[in-house]
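Everything on this sheet refers to the single structure shown next.
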Amino acid sequence: MNPPRLTDTTLRDGSHAMKHRFTSEQVRAIVTALDEAGVPVIEVSHGDGLGGSSIQYGFSLEPELDLIAEATRTARRARIAVLLLPGIGTKDLLERAAELGVRVARIATQCTEADISEQHFGIAKKLGLEAVGFLMMAHIRPPEVLVEQAKLMESYGADCVYIVDSAGAMLPPDVKARVSALKEALSIQVGFHAHNNLGAAIGNTLAALEAGADQVDGSLRGLGAGAGNAATEVLAAGLDKLGLNPGLDVFRLMDAAEYVVAPLMPYQPVPDRDSLTIGYAGVYSTFLLHAKHVASRFGLDARDILVELGRRQAVAGQEDWIVDVAVDLVEQEAGQRHAS
Ligand SMILES: CC[C@H](O)CC(=O)C(=O)O
Ligand SMILES: [Mn+2]
């Protein structure tokens with residue numbers, strides 16, 4: 001195992017948990033703390049990436065380019081990264097981020113849709129940015145499919161491709177299989193981004209390192225969507241104990257989590273009933289509210305709907321399946337009653 005490069009995503013994945021209400025002052029405090037603790041890459045964007053501020057995904061309290069500018073002004077050593085989802089973020093926004101001093105573009109697609117990212121990798125490379133690919137919801141496809149998708153990103157110019165456990169649905173064997181398949185097939189770096197819905201974010205990240213991952217993500221106190229991410233300070237402590245500390249100041253990160261981030265968090269992300277259901281079912285967290293509404297209309301348990309959606313491998317954008325599943329479950333129940 002080698003010491004990994006750590007990207008902290010408190011100011012991007014954490015934006016989901018903050019309902020996109022980070023302020024410049026908070027960005028300054030968090031970037032200062034991470035930078036002083038030796039974190040080499042700090043991601044700053046709306047939770048849904050550049051251009052995410054909208055009625056659909058939730059408006060940012062302050063314009064995200066102002067937050068990004070604050071981050072690049074503040075960081076002394078760390079490189080600032082942004083996330084971009086093709087279809088949400090635009091070329092113009094990426095150019096403006098680069099002008100503001102952003103050095104890393106992380107380009108995210110569903111794990112079966114890497115082909116929509118070619119243009120975006122091209123733009124990022126043209127702007128002189130490091131380009132990192134993010135294969136989201138990677139639990140829904142086997143390693144060989146992810147290899148094909150990662151190879152597409154590599155051919156578009158990616159410097160690294162991440163396996164992204166968006167729903168926190170993986171366990172260590174799932175992570176190892178996927179990361180080692182990419183390591184074997186690619187000539188570029190491989191990364192892993194965890195969510196904690198099954199309580200396995202730290203264990204999964206360590207499993208990714210065992211499988212050869214070069215880059216991993218964390219966020220202070222695990223601040224992130226759903227059950228949150230692997231906590232940066234916990235990861236740093238674990239890496240240090242394994243002799244894999246890439247230069248992180250563990251005590252400073254503990255202090256940053258405790259005194260800078262915890263006081264501004266609206267809640268501590270944990271695998272509660274809802275987020276555990278998401279990880280257990282392996283579905284996108286945005287399905288939860290819709291499933292709850294449909295469940296109450298049909299007299300069902302939302303968990304049964306979500307588990308069935310996971311079995312059918314529904315991905316974001318297929319929310320219309322929720323009603324189909326509910327109808328099928330009601331019919332199944334009626335059939336069983338009739339038979340008994
Ligand atoms: C909507 C983008 C998403 O939050 C990216 C990510 O961090 C994930 O899929 O886990
Ligand atoms: Mn995430």
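The values are calculated or read from the model by the stated rules, or taken from the named source; none is laboratory data. Because the structure is a prediction, the values reported are computed rather than measured. Every residue, glycine among them, receives a Cβ derived from its backbone with ideal geometry; neighbour counts consider all protein chains shown. These accessible areas exclude ligands, DNA and RNA; they are computed on the full protein's heavy atoms, side chains included. Shrake-Rupley method; radii C 1.70, N 1.55, O 1.52, S 1.80 Å.
Within the range 33-83, being within 14 Å of ligand 1 (Cβ to nearest atom), assigned to a strand (DSSP E or B) and touching a Gly at 6+ places or on another chain (Cβ under 8 Å) holds for G58, V82, L83. Here E113 clears all of (1) within 16 Å of ligand 1 (Cβ to nearest atom); (2) buried (at least 20 other Cβ atoms within 10 Å of the Cβ) except the condition numbered (2).
Does A17 satisfy the condition of being farther than 21 Å from L244 by Cα, in contact with a Gly (Cβ under 7 Å, 6 or more places away or on another chain), of a type in the set (A, V, I, L, M) and in contact (Cβ under 8 Å) with a residue 40 or more places away in the chain? Give the steps one after another, and end with the answer.
Numbers: farther than 21 Å from L244 by Cα: yes; in contact with a Gly (Cβ under 7 Å, 6 or more places away or on another chain): yes; of a type in the set (A, V, I, L, M): yes; in contact (Cβ under 8 Å) with a residue 40 or more places away in the chain: yes.
Yes; evaluated as a whole, the condition is true for this residue.
Going by the structure shown, is D320 at pLDDT 95 or above, outside the structural domain of T232 (by TED's automatic domain parsing) and more than 18 Å from M137 (Cα to Cα)? When the stated conditions are applied, D320 does not pass them. In the range 9-20, is there at least one residue being in contact with a Lys or Arg (Cβ under 7 Å, 6 or more places away or on another chain), open to solvent by less than 30 Å² (accessible area, probe 1.4 Å), at pLDDT 95 or above and of a type in the set (D, E)? No, that holds for no residue. Tell me, which residue of the range 28-53 that is under 19 Å from the mean Cα position of the chain (by Cα) and more than 24 Å from P4 (Cβ to Cβ) is surrounded by the fewest Cβ atoms within 10 Å (Cβ to Cβ)? The residue in question is G51.
Quick check on N204: is it on the phi < 0 side of the Ramachandran plot and within 14 Å of ligand 1 (Cβ to nearest atom)? Yes.
For G212, state whether it is open to solvent by less than 40 Å² (accessible area, probe 1.4 Å), more than 24 Å from G47 (Cα to Cα) and not in a helix (DSSP H, G or I). Break it down stepwise before answering.
On the way: open to solvent by less than 40 Å² (accessible area, probe 1.4 Å): yes; more than 24 Å from G47 (Cα to Cα): yes; not in a helix (DSSP H, G or I): yes.
The answer is yes for G212.
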